[in-house]
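To start, the structure under review is shown below, and the notes come after it.
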Amino acid sequence: MKYSRIIGTGSYLPEKVLTNKDLEKMVDTTDQWIRERTGIKQRHIAAEGETTCDLAEVASRRALEAASKSVEDIDLIVLATTTPDQVFPSTACLLQSRLGNHGAPAFDVQAVCTGFIYAMGVADNFIKAGSAKCALVVGAETFSRIINWEDRGTCVLFGDGAGAVVLEASDEPGVMSTHLHADGDYANLLHVPDGVSKGYDVVQANGAFVEMRGNEVFKMAVNTLGQIVDETLEKNGLDKSDIDWLIPHQANLRIINATARKLRMPMDHVVVTVAEHGNTSAASVPLAFDAAVREGKIKRGELLLMEAFGGGFTWGSVLVKY
Ligand code: ACO
């Protein structure tokens, strides 16, 4: 088997919706500022007690159903998250138990907003190497848990959700290529500065929160995503016009527009869910992908470019013949 192929997708958003108008009552911001600078109108927020694994479970069950696969068919679970339920076991193992799968390797990958792209890269390579035949790949986040709801520079941007795909070994393409990168020198521009080993700042009695130098992140994201588009096309000997759909990480409409311009891709062939979902980090690409599949926009045989950029910095892309 030369390729891994996406045979089903699923996603889930928590019930509670937080609108820009709601945020106006929480911090010094306006609906207009948020829409103009980010394109975001609303985001979904997990209920109290609702965890990343809860969201991942619903998305995974929907993906399995769409793929017509049972839980026993899965021989690999890779879950991307920055907001695991517990320190350990991994959220992938918690998910495995919920689904009722026994024995398949299950582990988390942590690449923040690029997490799903990394998870796809890992699962694709497992399948191509013959180490797995049918993989469940999940991006799931309760990012709202690491947000400082008094910081207007970050709290307006993020939301919660989960997306999943089932990948199967195939002689037909499939995932054409995956491209993963990181540069840890930029850690301080976008990070949660506290953690398990380093300890938690006593000043932040409630936990550890995202800190971001938004303007610098913005510029790096635009430049880097432009480069990853070029790298992906070059590796596959493709022209910009060969790509049918761009499925970008949903961080900011202005970043999405810049990448679409670079690809000369008309916006009606760019999947945009940022207005309704906000930035759901590792869940953003599979959520957008599943929405477009279920709306009947993306058709079998089309060429899809998924890309993301996030904390680390990390960035990457997946080119898929769907
Ligand atoms: N409401 C009103 N005003 C605000 C808000 C807010 N929610 N947040 C910041 N401002 C103010 C700032 O204080 C600043 O005021 P000042 O000029 O008086 O100092 C002004 O707005 C402009 O701030 P900038 O940070 O320069 O605004 P910018 O146009 O860069 O937009 C934003 C900020 C939306 C955060 C943008 O930089 C961005 O999207 N960056 C990318 C961040 C991102 O997406 N990170 C997620 C992970 S990485 C990724 O997924 C790509």
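The values are calculated or read from the model by the stated rules, or taken from the named source; none is laboratory data. Predicted model, so just to flag it, every value in this text is computed and none were measured. Methodologically, a virtual Cβ is constructed for each residue, glycine included, from the backbone with ideal geometry; neighbour enumeration extends over all protein chains shown. With ligands, DNA and RNA removed, areas are computed over all heavy atoms of the protein, side chains included. Shrake-Rupley method; radii C 1.70, N 1.55, O 1.52, S 1.80 Å.
Below, the figures for the structure above:
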| item | result |
| --- | --- |
| Residue check for Thr178: outside any strand (DSSP E or B), modelled with pLDDT of 95 or more, surrounded by 17 or more Cβ atoms within 10 Å (Cβ to Cβ) and not hydrophobic (A, V, I, L, M, F, W, C) | no |
| Residue in the stretch 17-39 that is open to solvent by less than 50 Å² (accessible area, probe 1.4 Å), in a strand (DSSP E or B) and closer than 30 Å to Leu319 by Cα present | no |
| The stretch 40-53 - residue that is open to solvent by less than 10 Å² (accessible area, probe 1.4 Å) and in a loop (DSSP other than H, G, I, E, B) and, of those, farthest from the ligand (Cβ to nearest atom) | Ala46 |
| Subset of the stretch 108-129 (residues that are open to solvent by 60 Å² or more (accessible area, probe 1.4 Å) and either under 21 Å from the mean Cα position of the chain (by Cα) or at positive phi (or both)) | Gln110, Asn125, Phe126 |
| Residue ranges of helices (runs of 4 or more DSSP H) in the stretch 214-278 with at least 2 members over 19 Å from the mean Cα position of the chain (by Cα) and farther than 19 Å from Val175 by Cβ | 214-235, 253-263 |
| Failed item, numbered, when Lys198 is tested on (1) within 16 Å of the ligand (Cβ to nearest atom); (2) within 30 Å of Val87 (Cβ to Cβ) | (1) |
| Residue under evaluation Glu72, criteria (1) part of a strand (DSSP E or B); (2) open to solvent by 30 Å² or more (accessible area, probe 1.4 Å), criterion not met | (1) |
| Some residue of the stretch 66-82 being acidic (Asp, Glu) and within 21 Å of the chain's Cα centre (by Cα) | no |
| Residue match in the stretch 254-262 (condition: over 20 Å from Lys41 (Cβ atoms), touching an Asp or Glu at 6+ places or on another chain (Cβ under 6 Å) and within 16 Å of the ligand (Cβ to nearest atom)) | no |
| When residues of the stretch 280-295 are limited to those that are open to solvent by 10 Å² or more (accessible area, probe 1.4 Å) and touching a strand residue (DSSP E or B) at 6+ places or on another chain (Cβ under 9 Å), the one farthest from Ala119 (Cα to Cα) | Arg294 |
| One residue from Glu234, Glu211 being within 15 Å of the ligand (Cβ to nearest atom) and surrounded by fewer than 22 Cβ atoms within 10 Å (Cβ to Cβ) | Glu211 |
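So that you can scan it fast, the table gives a plain yes or no per residue for (1) touching a helix residue (DSSP H, G or I) at 6+ places or on another chain (Cβ under 7 Å); (2) in the same structural domain as Trp33 (by TED's automatic domain parsing); (3) farther than 21 Å from Asp290 by Cα; (4) acidic (Asp, Glu):
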residue	(1), (2), (3), (4)
Asn101	yes, yes, yes, no
Thr114	no, yes, no, no
Met120	no, yes, no, no
Ser131	no, yes, yes, no
Asp160	yes, yes, no, yes
Ala164	yes, yes, no, no
